[in-house]
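A.B. asks: Please find one structure pasted underneath; my questions will follow.
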Amino acid sequence: MGSLCLQPPLLLSISAHQQDHFLPSLCPAHKNAKRQTSVSSQRGQGRPTLDCCKNFLGWKCSYERISHRPVDNCANASMQPLRSEPEANDSASIWNPISTSLDAFYRFSRPHTVIGTALSIVSVSLLAVEGLSDISPLFLTGSLEAVVSALFMNIYIVGLNQLSDIDIDKVNKPTLPLASGEYSPATGVAIVTTFAVLSFAVGFVVGSQPLLLALFISFVLGTAYSIDLPYFRWKRSAVVAALCIVAVRAVIVQLAFFLHIQTFVLRRPMAISKPLIFATTFMTFFSVVIALFKDIPDIDGDRIFGIKSFSVRLGQKKVFWICVGLLEMAYGVAMLMGAASSCLWSKYATVVSHAVLAAILWKCARSVDLTSKSAITSFYMFIWKLFYAEYLIIPLVR
């Protein structure tokens, strides 16, 4: 891209020494043309672009003439890369649009939320397991049904949020497909509608009441959170927005999906266990932190478009340390609950793991440059990694 002169396609794989011996046998006038071009380029330094274009056109004509002439085996071998070039171009022309489409959908789906949803449901499902005999094909099928339907609903919620925030995302998240123009609003509407329908379709086919309840409540809260209609768009209020996220991430995911496995899949009576109480309590802290922290990098767009987030009201630095403090408090509660466990291996696993995560969080928080949006965004993604790690620990709580 940095040069106006394009390299002649015929000579892409032929050295300069080979050109002098190979090309004259194919095009007798070529060598004289090459010398004349060299002389004219030395004399006419003021016309490099014109000479370059002439050279390019000349090589193109040579290529067209040569490609239709019979050549000997040596020449045929030298020209072999040229014959495979159209095949490579065809392969690239097929793969590039597919790759671009997959990348756009990947960004549209907000993969960090997709991973969090999948991990949380698998982790909560394991809380209902009382023995190895519970991990059966029936359990695996029931868990998979819950994960698939929840992921479809997750894509609906994050997609609707992007549809409602196109102008804001042009400031805060310009790489998202709707904000960048890769997706039109009509495409966005088609995607979110399709995934909402698919989510409920899976729920109805499965027939689990806890699963359908989880999907319905998530749908209502996700829609009310984002859609710009009277009495809705609850994200304008920092408190209501945080309550929506806490309700879905901390309550619905824990209770509804646990009951789906407990009562519908394993056919056991409803029971609220100690690990479930721990998971709900801990994830309440974590969901509040996610609800508060997600607005810290987006303060510029929120301020312009009148979104009264806590970051806009209190400032980035204060909200940042509130989030860190809440997470450290959550880890402290987790260590106390782990220490009170009667199961020795669970006690050591929960206390040590939460102590390590708390130390890593504190160390990383102290090194964040709060004047850098990229540094704050990177730390927000780190919080999501802590979120994933917690769902790996929760099944160990006994």
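Rule-based calculations on the coordinates, nothing more; no lab input. Small disclaimer: the values here were computed from a predicted structure and weren't measured. Using ideal geometry, Cβ is built from the backbone for each residue, glycine included, and neighbour counts are taken over all protein chains shown.
A.B. asks: Taking each pair of different alpha-carbon atoms in the range 289-398 once, compute 1/r for the pair, average those values, and report the inverse of that mean as the Kirkwood hydrodynamic radius in Å to one decimal.
C.D. replies: It works out to 15.0 Å.
A.B. asks: Lys308's amide H: which non-local residues (gap 5+, or another chain) put their own amide H closer than 5 Å, with H modeled 1.01 Å from N in plane and none for Pro or chain starts?
C.D. replies: none
A.B. asks: With labels modelled as points extended 7 Å from the Cα through the Cβ direction, what inter-label distance (nm, one decimal) is found for Leu144 paired with Arg366?
C.D. replies: 4.8 nm
A.B. asks: Any idea how far the Cα center of the range 102-124 sits from the one of the range 359-398, in Å?
C.D. replies: So the separation of the two Cα centres works out to 17 Å.
A.B. asks: By how many nm would the segment from Val171 to Phe216 lengthen if fully extended, with 0.36 nm per residue of separation less the alpha-carbon distance? If you can, show how the numbers build up before the last one.
C.D. replies: Working: separation 45, 0.36 × 45 = 16.20 nm, distance 3.18 nm.
Extra length from Val171 to Phe216 when fully extended: 13.0 nm.
A.B. asks: To make sure I understand, if each residue's beta carbon is the centre and we count other beta carbons within 10 Å, what order do His260, His112, His354 fall in, fewest to most?
C.D. replies: Ascending number of Cβ neighbours within 10 Å: His112, His354, His260.
A.B. asks: How many nm separate the modelled label positions at Ser237 and Ser374, each set 7 Å beyond the Cα in the direction of the Cβ?
C.D. replies: Rounded to a tenth, the inter-label distance reads 3.9 nm.
A.B. asks: Need one number: nm distance between label points at Leu344 and Ala224, each 7 Å from Cα along Cα→Cβ, rounded to one decimal.
C.D. replies: 5.0 nm
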